[in-house]
Structures are given as structure tokens and as C-alpha cells.
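Below is one structure, written out as C-alpha cells; comments come after it.
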Amino acid sequence: MHYFPLALPFLLLFALFLVFLVFLVEVGILRYAYQRIGIGQRHMFLLLVLSFFGSYVNIPIYELPPTTVHSDMVIAFGGMSYMVPQVTDWPGTVVAINLGGAVIPTLLSLYLIRKNRIYWRSLLGICVVVFVVHALAYPVKGVGIAEPVFVPPLISTMVALLLSRRHAPPLAYISGSLGTLIGADLLNLGKIRGLGAPVASIGGAGTFDGIFLTGILSVLLVSLMTPRERPIDST
């Protein structure tokens, strides 16, 4: 039930992404962007770290009828490698919700919506990402539902910049995270049966990479595309 969704090389690569982000903020390159998100940079780091290690935890919700499941495999899709855990005497597909890829991003997104008061912009951004991700999501045997890894961060960044330059960082995170969860996972729950996945994790294997990268790349891209606000000269 509990396992990291990505194969080891990609898991290490994501960890390096996180360390690189910490370095950029500490030297001041991204500090301004995180200030504009509406959450302290160190708190944001803590949430990203929790999301990374929380990807190991899957909270079971319900079970699908017994069926033959895949076990102890690495399945490649869209340039990524996903882990299929080793199971014995498994009843069928267990539908679960991933702590790091669903619970934490959802709570953070709801907080950012309320804090920045970007209700309608967030709804519009989420809808656009849902439409694109759902169109590209693909059922993968042994894994569940997967989507091209860079689609959520790139689409959410473009949508956020179009909707509001001022609130682009939080909009990018919100649109990418919730849009991916809804478009790839929730709207495709009916396709899970018959894929042979021992665990079909909402926000887990197949979508965690896109959601996690949204938290990193959306800030990187938005910070490069939006100018800093200069202090007003009072003289």
C-alpha cells in the first residue's frame, strides 16, 4: 500500500529539483516569486518536502472487485518510469488517495485561493487545466491513469499569466494541482477497473510527477516571465 510512485532514478532527480529550488531561494533569485505566492518561502519548502515524502503514503478509500493484478514491475510511460509494488494474495485494485500528491496540494491550493481571494480566476484556471489534462490522460496497465509529465506545469503557468500577472504564482500552483487531480484522476475513476493496478492512487503514480513539478516549475517559470515590482519613490 505504501511505496514511492517513481522508479529510483526519477525519484533522485525530483529530490535534486527540490534541493536546486532551495538553493535558488536562499541566494535570493526566487524569493520575490515566493513572496507573491502568499506563503513564506520556508513554509513552502516544508510543504514541498512533505509532498515529496508524502508520496510514499497511500490512504485506502475502497476496493474494486477481485481481478488479476500486476506486481513488482517498472512501467514506462511518457518518459517516466513508475513503480508497481510487489503484492501477494491481493484482493484486486485498491483505490487510494496519495498524501503527497493529493491531500497536501489540495489543502495548500484551497488556502492560497482564500488568502489571495482569487476565487473566479482559480476556477477558470482549474477548468482549463482539467480540459487539457483530461484530453491527454491515458490509462496505463499496472499503474492507473497517467499524463505527460510536463503538461500540468506548462499549461498552468500559461493560464496563470493570462489570468493575472499579479497573482500568477499562486494561480499556477492552484490550477496545475487541482486541475491535474480532477482532470487525470477523478474524471477517469471509471477507467481504473481492468487495468490490473494493485493500487490506483489519486495523486499517486501517473500524476504525482506532474503535480509535484507544478509546485516547482510554475514558480520558476512565472518568476522569469513577470517583472519585479519596483518600490515607489516617495521623494
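Details
- Peptide packing for 47-56, 208-217 was compared via the average number of neighbouring C-beta atoms within 10 Å per residue; ordered from the highest value, the list is 208-217, 47-56.
- Long-range HN-HN contacts of residue 59 with modeled amide H, under 5 Å: 97, 98, 99
- Amide H to amide H distances under 5 Å link residue 145 with 140, where only residues 5 or more positions off or on other chains count and H is placed in the peptide plane.
- Modelled label positions at residue 120 and residue 56, each set 7 Å beyond Cα in the direction of Cβ, lie 4.5 nm from each other.
- A simple spin-label model places the labels of residue 187 and residue 15 3.5 nm from each other, with each point 7 Å out along Cα-to-Cβ.
- Rounded to whole Hz, the Karplus (6.51, -1.76, 1.60) HN-Hα couplings of the range 100-112, x for glycine and proline: x, x, 9, 5, 5, x, 5, 4, 5, 4, 4, 5, 5
- Segment residue 107-residue 63, extension gain: residue separation times 0.36 nm, minus the distance between their alpha carbons: 13.4 nm
- In plain terms, the chain from residue 43 to residue 165 could stretch by 41.6 nm, reckoned as 0.36 nm per residue minus the Cα-Cα distance.
- Taking other Cβ atoms within 10 Å as a rough exposure proxy, 43, 167 sort from fewest to most as 43, 167.
Bear in mind these aren't lab numbers, they're just calculated from the coordinates by the rules spelled out. Here the structure is a predicted model, which is why all the values come from computation and not from measurement. Positions of Cβ are generated from backbone atoms using ideal geometry, with glycine treated the same way; all protein chains shown enter the neighbour counts.
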